[in-house]
1. Filter the range 4-43 for residues that are farther than 22 Å from Leu99 by Cα and open to solvent by 70 Å² or more (accessible area, probe 1.4 Å) and give the result.
2. Count, please, the residues in the range 67-107 that happen to be of a type in the set (A, V, I, L, M, F, W, C), more than 22 Å from Gly168 (Cα to Cα) and out of contact with any helix residue (DSSP H, G or I) (no Cβ under 8 Å at 6 or more places or on another chain).
3. So if I check each of Lys16, Lys35, Lys5, which one is charged (D, E, K, R) and not in a helix (DSSP H, G or I)?
4. Of the residues Ile72, Ile46, which is under 21 Å from Thr111 (Cβ atoms) and open to solvent by less than 10 Å² (accessible area, probe 1.4 Å)?
5. Those residues that are more than 10 Å from the ligand (Cβ to nearest atom), among the charged types (D, E, K, R) and within 16 Å of Pro129 (Cβ to Cβ), I need them from the range 80-89; list them, please.
6. Mind listing whichever residues of the range 191-211 are open to solvent by 60 Å² or more (accessible area, probe 1.4 Å) and either closer than 30 Å to Glu9 by Cβ or free of Cβ contacts under 8 Å to residues at least 40 places away in the same chain (or both)?
7. So which residues in the range 98-127 are within 11 Å of Glu84 (Cβ to Cβ) and either more than 9 Å from the ligand (Cβ to nearest atom) or within 10 Å of the chain's Cα centre (by Cα) (or both), if there are any at all?
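The values are calculated or read from the model by the stated rules, or taken from the named source; none is laboratory data. As the structure is a computational prediction, the values presented were derived from the model and not from experiment. As a convention, Cβ positions derive from the backbone with ideal geometry for all residues, glycine included, and neighbour counts pool all protein chains shown. For accessibility, only protein heavy atoms count, side chains too; no ligands or nucleic acids. Shrake-Rupley method; radii C 1.70, N 1.55, O 1.52, S 1.80 Å.
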Amino acid sequence: MNQKKEVGEKAVEYVKDGMVVGLGTGSTVFFTISKLGELVKQGLSIKGIPTSIQTEQLANQLGIPLVSFTEINQIDIAIDGADEVSADLDLIKGGGGALLREKIIAKAAKTFIVVADSHKLVNKLGSFPLPVEVVPFGVEMTTKYILELGGAPKLRQKNGSPYLTDNGNYILDCHIQPIIHPEELERDLNMIPGIVDNGLFVGMADYIITMNEDKEIDIK
Ligand code: ABF
């Protein structure tokens, strides 16, 4: 059984005709978007707003009509994956590098649904290194300030060069384990000049669609 497919496709049940849908990024929400593409072909009328260039390309291939924030000012529902989900339903996101657009879209959505296989469930966040999006200018100083906060930042690389986000920024993957006070950490990190945003999504998820030990769909 493919857990990502099961939970990803389950989320489609929350999407109704006429909705503006935030389309997440990653290998779980891929199944949500693919299913939505099938339903659009069968007549479902939705408009998608993508969290990354990768998702924009996927939606275009599938024929899902897209909108941007110049045309709308609210999103009915956003569906996205996560790298970790805590017992309090807080999240670490950004393993795929799209955390900034993901957070803007999740915040603008009336309902934010997370699709996550059971391996993503943890008691406390922090085993997965926290992605932090930073502007390239002064990254050395930004790194130093994160070290002072107790994190161990590592500049994400791709093909021997710094990884660039869709927004032209860098990602620092920060080992901060365990994260006891995610709300404080999210705020403290975002006070550092040079940090654009970080992958902590605290109190944002309305529903988590996952699987239990018996491999049944579990909605939290
Ligand atoms: C996105 O997809 C990211 O925030 C996260 O990094 C990733 C989730 O992983 P997966 O590819 O397993 O769905 O939502």
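1. Correct list: Glu6, Glu13, Lys16, Asp17, Glu38, Lys41, Gln42.
2. 4
3. Numbers: Lys35 fails: not in a helix (DSSP H, G or I); Lys5 fails: not in a helix (DSSP H, G or I).
Unique residue meeting the criteria: Lys16.
4. On the way: Ile72 fails: open to solvent by less than 10 Å² (accessible area, probe 1.4 Å).
That would be Ile46, the only listed residue that is under 21 Å from Thr111 (Cβ atoms) and open to solvent by less than 10 Å² (accessible area, probe 1.4 Å).
5. none
6. If we filter the range 191-211 for residues that are open to solvent by 60 Å² or more (accessible area, probe 1.4 Å), which is where we start, we get 191, 193, 203, 206-207.
Selection gives Met191, Gly203, Asp206, Tyr207.
7. Val114, Leu121, Val122, Asn123, Lys124, Leu125, Gly126, Ser127
Conditions tested, residue by residue: (1) of a type in the set (Gly, Ala, Ser); (2) within 16 Å of the ligand (Cβ to nearest atom); (3) assigned to a helix (DSSP H, G or I).
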{"site": "Glu140", "(1), (2), (3)": "no, no, yes"}
{"site": "Lys144", "(1), (2), (3)": "no, no, yes"}
{"site": "Leu147", "(1), (2), (3)": "no, no, yes"}
{"site": "Asn167", "(1), (2), (3)": "no, yes, no"}
{"site": "Ile171", "(1), (2), (3)": "no, yes, no"}
{"site": "Glu183", "(1), (2), (3)": "no, no, yes"}
{"site": "Glu186", "(1), (2), (3)": "no, yes, yes"}
{"site": "Pro193", "(1), (2), (3)": "no, no, no"}
{"site": "Gly203", "(1), (2), (3)": "yes, no, no"}
